[in-house]
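The values are calculated or read from the model by the stated rules, or taken from the named source; none is laboratory data. Remember, predicted model here, so these are calculated numbers, not experimental data. Cβ: placed from backbone, ideal geometry, glycine included. Neighbour counts: every protein chain shown. Remember, those area values only see protein heavy atoms, side chains included, never the ligands or the DNA or RNA. Shrake-Rupley method; radii C 1.70, N 1.55, O 1.52, S 1.80 Å.
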Amino acid sequence: MVVINAGLVKKIVNDKPLLRKAYEALISDPEVQALWDMSNIMAVKRLKYNDHGPVHAQIAAGASLYLYQLLLNAGVGSTLIRDKVVDDPEQAWIVPLYGALLHDIGNSIHRDLHEKLGALLAKPIIDRALEKIIDDQRTRIMLRQEIMHSIFCTAYDAVCLTVEAGCVGVGDGLDMAEGRARVPYRLGGISIHSVSALSIKKVEVVPGEKVPIKILVHMSERAGIFQVDEVLMPKIKTTPLKDYVEVYAIVNGEPLKTYTPRK
């Protein structure tokens, strides 16, 4: 059982040499650090929304990688390997890592259309990072496009076309504990958004019995179901993960609602 938190990403990348190099290459980039800070200046300080900066990026990255790990363990194949985008399975892991770390940088310009803006902003950043870890130019270009796709597809109106990108979208939605919900809500205001966000106490991910992934959303109040219905489930339904994930909404230890894949 894994609890979604900011430390998860380092635990996963430390077990994979290429992924660790990729992680270090990206987070040390001064532009990435500045864009994370600007995303929070725009989202938190100016729009009075919840966190969209470096902490959220780390949480989403850890969640995305763990989802990907569970899918591979259950025999769900990599879309990148299937479509011959890369030959090395280790390189496919870079997509959920970089996609999650960069998916919100478009907020540094504006909240509106931030997924589309972020995908474009990410291009030179991805190019610089990949040059440090992958020699073949064609492989770098194709991986870059997959990462950009994963950022673009975190938008609710975009249909996600790969398992790797799907992990980014769902991983983003899993950062909802203790007021960190992914529906932006006005800080300090009282609304269904803020009340439901503060109701989420913990999000756990475990291997499922019938499907590869089981997500347990623990909440103190029934209002938390709003976050599951309005954030997490729409993200799951627009990705290939919709056939592989079941979700349990739990209030004070008692199951309130269950979401299972359609047969």
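With 20 Å as the limit, the listed pairs Lys16/Lys202; Lys214/Lys242; Lys21/Lys84; Lys21/Lys235; Lys48/Lys202; Lys11/Lys48 have Lys16/Lys202; Lys21/Lys84; Lys21/Lys235; Lys48/Lys202; Lys11/Lys48 beyond it between alpha carbons. By accessible area, using a 1.4 Å probe on protein heavy atoms only, the chain has 54% of its surface on carbon and sulfur. Express the accessible area of the chain per residue in Å², computed with a 1.4 Å probe while the remaining protein chains stay in the model. On a per-residue basis, 43 Å². Applying a length cut-off of 24 Å (Cα extent along the axis) and a mean Kyte-Doolittle floor of 0.0 to the DSSP H helices of the chain leaves 54-73, 114-131.
When the chymotrypsin sites (Phe, Trp or Tyr not before Pro) in region 1-59 are filtered for DSSP coil states and for at most 16 other beta-carbon atoms within 10 Å of their beta-carbon, no site remains.
Once you have a ≥ b ≥ c as the square roots of the Cα gyration tensor eigenvalues for region 1-74, tell me rounded if a/c is under 1.5, and otherwise prolate or oblate according to whether a/b is larger than b/c. Could you put the intermediate results ahead of the total?
Working: a/c = 3.21, a/b = 1.59, b/c = 2.02.
In terms of gyration-tensor shape, oblate.
Considering only Met142, Met219, Met176, give the residue with the highest GNM mean-square fluctuation for the chain, with springs between Cα atoms whenever their separation is below 10 Å. Highest fluctuation of the listed residues: Met142. Determine the percent antiparallel among the DSSP beta bridges restricted to the chain, to the nearest 5. Antiparallel bridges: around 65 percent, rounded to the nearest 5. Sequence-ordered 3J(HN,Hα) estimates for region 6-12 from the Karplus curve with 6.51, -1.76 and 1.60 and θ = phi - 60° stand at 6, x, 5, 4, 5, 4, 6 Hz, glycine and proline given as x.
Given contacts defined as C-alpha pairs under 8 Å and at least six residues apart, what's the relative contact order of region 1-160, whole-number percent? Write out the running numbers ahead of the final one.
Details: 220 pairs, mean separation 41.6, N = 160.
Averaging sequence separation for qualifying contacts and normalising by length gives 26 percent for region 1-160.
The convex hull built on the alpha-carbon positions of the chain has an orientation-averaged projected area of 12.8 nm². Looking at the square roots a ≥ b ≥ c of the eigenvalues of the Cα gyration tensor of region 204-263, which shape do they give, rounded for a/c under 1.5, prolate if a/b is larger than b/c, or oblate? Oblate.
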